[in-house]
Protein chains: 2
Amino acid sequence: MIGAQALIRTLVDAGVTVCFTNPGTSEMHFVAALDEVPEMRAVLALFEGVATGAADGYARMSDAPGATLLHLGPGLGNGLANLHNARRAKVPIVNIVGDHATYHTQYDAPLQSDIETVARNVSPWVRTSRRTEDIAADAVDAIVAAHGPPGQVATLILPADVSWGDGAEPLRVPEYDVSLPTATEDTVEAVAEALKRDGATALLLGGSALRERGLLAAGRIAAVTGARLLGVVFPTRLQRGAGLPAVERIPYFPDAARARLEELEQLVLVDAKPPASFFAYPGKRSYLAPDGCEVRELASSETDAIASLEALVEALGAAAATPQLARAFRPQPPTGTLDAEKVARAIGSVLPERAIVCEEAITSALPLPANTAGAPPHDWLTLTGGAIGEGLPLAVGAAVARPDRPVFALQADGSGLYTIQSLWTMAREQLDVTVVIFNNRSYRILKVELERVGAQPAGPKADAQFDLGHPEINFVDLAAGFGVPGRRAETGEEMTEALQDAAAEPGPHLIDAVIG
Amino acid sequence: MIGAQALIRTLVDAGVTVCFTNPGTSEMHFVAALDEVPEMRAVLALFEGVATGAADGYARMSDAPGATLLHLGPGLGNGLANLHNARRAKVPIVNIVGDHATYHTQYDAPLQSDIETVARNVSPWVRTSRRTEDIAADAVDAIVAAHGPPGQVATLILPADVSWGDGAEPLRVPEYDVSLPTATEDTVEAVAEALKRDGATALLLGGSALRERGLLAAGRIAAVTGARLLGVVFPTRLQRGAGLPAVERIPYFPDAARARLEELEQLVLVDAKPPASFFAYPGKRSYLAPDGCEVRELASSETDAIASLEALVEALGAAAATPQLARAFRPQPPTGTLDAEKVARAIGSVLPERAIVCEEAITSALPLPANTAGAPPHDWLTLTGGAIGEGLPLAVGAAVARPDRPVFALQADGSGLYTIQSLWTMAREQLDVTVVIFNNRSYRILKVELERVGAQPAGPKADAQFDLGHPEINFVDLAAGFGVPGRRAETGEEMTEALQDAAAEPGPHLIDAVIG
C-alpha cells in the first residue's frame, strides 16, 4: 500500500483515530487514503490553529494522542501557538506536517521552508520520513514519543513522495512500559516528616495530581496534616465540583498570588514548578513564594504524581482519613444588567453534571471558580501555555473526544478572535458546545497590565491598542456567518435563559454576554 | 529616555512610521511610548497574521519598511505564514517581537520559548537586544538589514526590561549605499548576442522588472528582438493596464505552464528563478522549461534589474524602439447567473485608475488577467510565497500605505478565512478596500490538485475535506460582525452594481460573490 495509507492504518491501530486537518496539495494522498481506513475520523478546520488546539483538547479529554494534518511550514506556523500550549500542557499529539516531495526541494519552490527547525520549538521529537518503506516505523516512533509519559508533541514530517510511494506496510506499536516511577521512599519519607512539623504548609498540585484520584489522595494528606491544597495557575485538566476535594488555584496576578502564599513556611511540589509570575514587572520579584518558605518536590513531571501522593498517604497513615470535599452549591441565578460576576453566577446556576469547561475568560475569569465550586463534578481545562486563542479550539477537541458530555467554552472576546474559525467546525460536526463570550469590548487584561508594569498613565494611542469597541464586534453575526446560532445577553435573566436554551438543544450555541 | 521610546523614535526618524500591532504584556512599554512619538502610527490587528501580512502590503506599496509589534514566540508563530510570504516577496519588514525580561527567563514561564530560532525561518537578520543602551543601535541595524536591497524581514527581539529600562537615546540611520550592481558588461553583451539569434526567446521578469520602468525597458527589448515577456507566477508587485507593456504570467498549474513554455529555445531570467512547478506531481518533472531551452540570467535578486534591462536596451540599440503597450479595453459588464469569469468581467468593467489589486483568488483567478488587461494602469499584488491567508492583510497594508488609491482585495473564500479578522482593521481604520469573495463554497484548488496528483477518485471522506458548504459560510454576516458593510451578489448585474456602489462610498465594503 502507499505510504499515506500505511501511516493512517498504523495510527488507527495504535488508537489514534481522530485527525484534525487543514491539508494542502502536498497532503492530498493522505486525504485520499482517509477513505481506505474507515476508522480514522478527519475533522476539518478552517485554520491550523483550530486544528492544533483541537488536538490538544482531544488529548486532554481522551488521554489518547490527538493528531493533526498540516500543510508545510506555513501551516505549521499557523498551528504553532496552540502547539506551544500543548507542549506546556504535556499532552500527547502526533503532529503530521506534509512537505514537498524529496526531489522537489532543489527548486526552492515558494512554499519551501525549514519545517524541522520550527517544529523543534514545540516538539521534542521531530523526524522527516525519508522513505515510503520507513513511514510506518516512523509513525510508531512518533506515537510512542507522543505518549511519553509525560505526553509531548511529536512531529512527523511527511514528504509528498514518501506519502504517495508504494511498498509500505502498517505496523503495530509494540507493548512498552508507559508507567512513570513513583517518588523514592526517601523523598516520600522526607516530605512526610516535613508535613508533620508545625508551620503553614501547602501542596502545589499540577498534572495528573489534579485528577480525581490525585485529589482524593491530596485531600487525605490535607486532612491529617492541615496542609492547604493549591493548584497551578493554569491546569491542563482539573477535576472539580461537589464531592471532590477543592484546590485553590494560584492567581494569575502576582500580587494576588503573593498574598495567597505569604504565610507559607513549606511548599510541596507535586508535578508543579516553584511558583513564579507569568510576566516580569519592574521592581518586583518574579518568584512568588515568600522568603524562607522551604520548597520540596514530591513529584516532577517525570514521576507518577498520583502514585507518589498515594505513597505519601501511606507514609502519613492517612489512608482512612476523610478528605474535605466541596459541598453541593448553586448560586442564585442573576438578575439585572450583566457583568462578569453575574455571568459566572448564571453558569454556576446551570452547569450540568460531567460538563467540560474550556476556560479562556482572562480578566472575566475571576468570579468563575467560586460560582462553580459547588456545581456537579466537571472538568476544567485552561490556557496552560498562556498563548491566547486556544479556548474555542480546546472546546472543539474536547467535544469530539467526549460526545456524551456537554462542553462549555468560556471565552474572552479578544482572545476568542484569534481562532474564531473554530465556530465553523463546531457547526459542521454539530458539537455540543455552549460558547459564552465575555464581551467587554477590550483587551481588558492589557489595560491592567499597562498599569502593573508602571507604564501609566496611558495616552490615547496606547488606550486605542486595548480598544475592541471601534467598531464593536458582533459575535452573534460572526456565529451566524460560521453556522452557529447565537444570541446576545445583556441581563442576568437573559444570560440564564440563554444557557438553559443552549443546554436543551443539541449542537453548538453562542451567547454574546455583554459585560462592563 | 526608556528603550521603547528610543526604539520608536529611531524607527520614525528612519521613515518607518507605521507599525502593525498585536501586543501583549511584554510589549506594554512599547505601547505606552507610542504617545511619546506622535509620528508613529500604530494599526491594531486582532490576529498576528493580519499584522504581518499588512506590513508586507504596506512595504510593497510604500517601498519603505513595514513594521510589526508581536507578542513573544506564539505571537511570532501566528504571524509566521505571512512573514514567509514577505520573505519570498523580498520586501523590507522590521519585525519587532517582545520577550520576557532577561532576568525572568530562568523561571521558564509558560509563554517562554525559543523566539530566535523560529524567527530565523523567515528572517535572515535576527537579534535580541540585550541592553537598553544598545536598543537604538540594534534598531538601526535592523532597519538597514530590512532595507537591503533586496528587502528582507529583520527581526528585533525586545526583552521587556530592555524596553522599560532608562538611558537610551535614539539614533539616526547613517547614509549608506542602497544601490545594487548592474549586470556586468559581459553578461549584458552575452544576453544581447543571444537575443539577436534566431529562435523563440522570452524574458522572464520578476521583482522590480515588473515595475513600470522595468517593463518599458523590457518592452523595448521585445520590440527589437521579438522576445516574449513572461512574468513570474506570483509577482510581488506588477504594474499593468492600458498604456503599459503587458507580460504573460507563467500559469500556476504546471501543464499550462509547460504549454506556455514549450516552444522556447532561450529564456532570459531577470530577477526570476528558472521556472519550476509549485508542487511536485507523481511522474511529472518539476522543472518547467523544455529540454534544450537555454537559460541565461541577466539579473539576480542581488542585481539592479531595471538598470540591467536598460543596459541591455543600450546594447541592443533599442532605446528608440516603441514597446508594444496594452490598449485600453473594458469588458462588457456581465449579466445573468454569476460565475468566476463574470466576476472578473465586472471587475474589469469598473476597475478605477491607480487601483491596487491584492489578488488571492486561487482557482477563480484564471479569468482575471484577460478581463483587466486593458483597465487603466493599476498595481497587482499576489501571493508571492504561496502561504494562503495573505490577501486580506495585504489589502490592509496597501490601503494604509496609499490612502489616495482604491484597493481591491480579490479573495477566494477558503483562503480568506485564515485571516478574516482583517475586516475589522479595515473597518476600524476606514480603509478604502473593496473585498470581493469568490465564494465557491469549497477548497476548489484541492479538488483539482487531488486529481492532478493521481490520488483520484476521491471517496466521500476525501471529498468532505474540500467542502466549505456544510455549513455554508455567510461572508456578509462575518463582515457585519467585524463592522464592514457587505452584500451578496448572485448575478452579473448585482455584481457590477455592488462594485460601483462600493467605489462610490468611502471605507471598506465586502461583496460575497456566489459562484459555481
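Considering only residues that are hydroxyl-bearing (Ser, Thr, Tyr) and more than 14 Å from chain B (Cβ to nearest Cβ), which ones fall in the stretch A:347-373?
A:Ser349, A:Ser364, A:Thr372
Picking from B:Phe253, B:Phe279, which residue would you name as being buried (at least 23 other Cβ atoms within 10 Å of the Cβ) and within 12 Å of another protein chain (Cβ to nearest Cβ)?
It is B:Phe279.
Of everything in the stretch A:288-325 that's within 14 Å of chain B (Cβ to nearest Cβ) and buried (at least 17 other Cβ atoms within 10 Å of the Cβ), which residue is nearest to A:Arg88 (Cα to Cα)?
Going through the qualifying residues, I end up with A:Ser301.
Output the qualifying pairs, or none if there are none: Cβ atoms under 7 angstrom, residues six or more apart or on different chains, first residue in the stretch A:116-130 and free of Cβ contacts under 8 Å to residues at least 12 places away in the same chain, second residue not β-branched (Val, Ile, Thr).
Going by the 7 Å Cβ cut-off, the qualifying pairs are A:Thr117/B:Asn121.
Which residues, taken from the stretch A:230-246, are within 23 Å of A:Thr187 (Cα to Cα) and more than 14 Å from every other protein chain (Cβ to nearest Cβ)?
A:Leu230, A:Gly231
On the basis of being of a type outside the set (Lys, Arg) and in contact (Cβ under 8 Å) with a residue 12 or more places away in the chain, does B:Ala328 make the cut?
Answer is yes for this residue.
Among helices (runs of 4 or more DSSP H) lying entirely in the stretch B:8-94, which contain 1 or more residues that are among the polar types (S, T, N, Q), more than 8 Å from chain A (Cβ to nearest Cβ) and closer than 26 Å to B:Ala209 by Cβ?
B:48-62, B:72-89
A:Arg285 versus (1) within 14 Å of chain B (Cβ to nearest Cβ); (2) among the charged types (D, E, K, R); (3) in a strand (DSSP E or B): which is the lone unmet condition?
Result: A:Arg285 fails condition (3) only.
With the checklist (1) under 19 Å from A:Arg220 (Cα atoms); (2) assigned to a loop (DSSP other than H, G, I, E, B); (3) hydrophobic (A, V, I, L, M, F, W, C) in hand, flag the one item A:Leu298 doesn't pass.
Condition not satisfied by A:Leu298: (2).
Consider B:Pro403 against the criteria (1) within 25 Å of A:Thr21 (Cβ to Cβ); (2) part of a loop (DSSP other than H, G, I, E, B): it satisfies all of them except one. Which criterion is unmet?
Going through the list (1) within 25 Å of A:Thr21 (Cβ to Cβ); (2) part of a loop (DSSP other than H, G, I, E, B), B:Pro403 breaks only (1).
Could you please let me know if A:Pro508 is farther than 26 Å from B:Pro74 by Cα, at pLDDT below 95 and either surrounded by fewer than 20 Cβ atoms within 10 Å (Cβ to Cβ) or in the same structural domain as A:Leu368 (by TED's automatic domain parsing) (or both)?
No; evaluated as a whole, the condition is false for this residue.
I need the full set of residues from the stretch A:439-455 which are facing chain B (nearest Cβ under 9 Å), out of contact with any helix residue (DSSP H, G or I) (no Cβ under 6 Å at 6 or more places or on another chain) and part of a loop (DSSP other than H, G, I, E, B), in order please.
Hit for the stretch A:439-455 is A:Gly454, nothing else.
For B:Ala272, state whether it is among the hydrophobic types (A, V, I, L, M, F, W, C), part of a loop (DSSP other than H, G, I, E, B) and touching a strand residue (DSSP E or B) at 6+ places or on another chain (Cβ under 7 Å).
Yes; evaluated as a whole, the condition is true for this residue.
Report the residue count in the stretch B:456-490 for those that are at the interface with another protein chain (Cβ under 7 Å from one of its Cβ atoms), under 28 Å from B:Asp255 (Cβ atoms) and of a type in the set (D, E, K, R).
The number of residues fulfilling the criteria is 1.
Report whether or not A:Gln430 is of a type in the set (S, T, N, Q) and under 23 Å from the mean Cα position of the chain (by Cα).
yes
Any idea how many residues of the stretch A:418-438 are part of a helix (DSSP H, G or I) and surrounded by fewer than 24 Cβ atoms within 10 Å (Cβ to Cβ)?
2
Among the residues of the stretch A:315-334, write down those that are over 32 Å from the mean Cα position of the chain (by Cα) and of a type outside the set (A, V, I, L, M).
Scanning the stretch A:315-334 gives a single hit, A:Gly317.
Return a yes/no flag: does the stretch A:144-156 have any residue that is closer than 21 Å to B:Ala455 by Cα and hydrophobic (A, V, I, L, M, F, W, C).
No: zero hits.
Limited to the stretch A:374-417, what total is found for residues that are closer than 14 Å to A:Ala51 by Cα, surrounded by fewer than 24 Cβ atoms within 10 Å (Cβ to Cβ) and within 14 Å of chain B (Cβ to nearest Cβ)?
Total meeting the criteria: 0.
Can you pull out the residues in the stretch B:104-117 that are assigned to a helix (DSSP H, G or I) and under 32 Å from the mean Cα position of the chain (by Cα)?
Within the stretch B:104-117, B:Ile115, B:Glu116, B:Thr117 qualify.
The values are calculated or read from the model by the stated rules, or taken from the named source; none is laboratory data. Worth saying up front: this structure is predicted, and the values here are computed from it rather than measured. With ideal geometry, Cβ positions are generated from the backbone for all residues, glycine too; neighbour counts draw on all protein chains shown.
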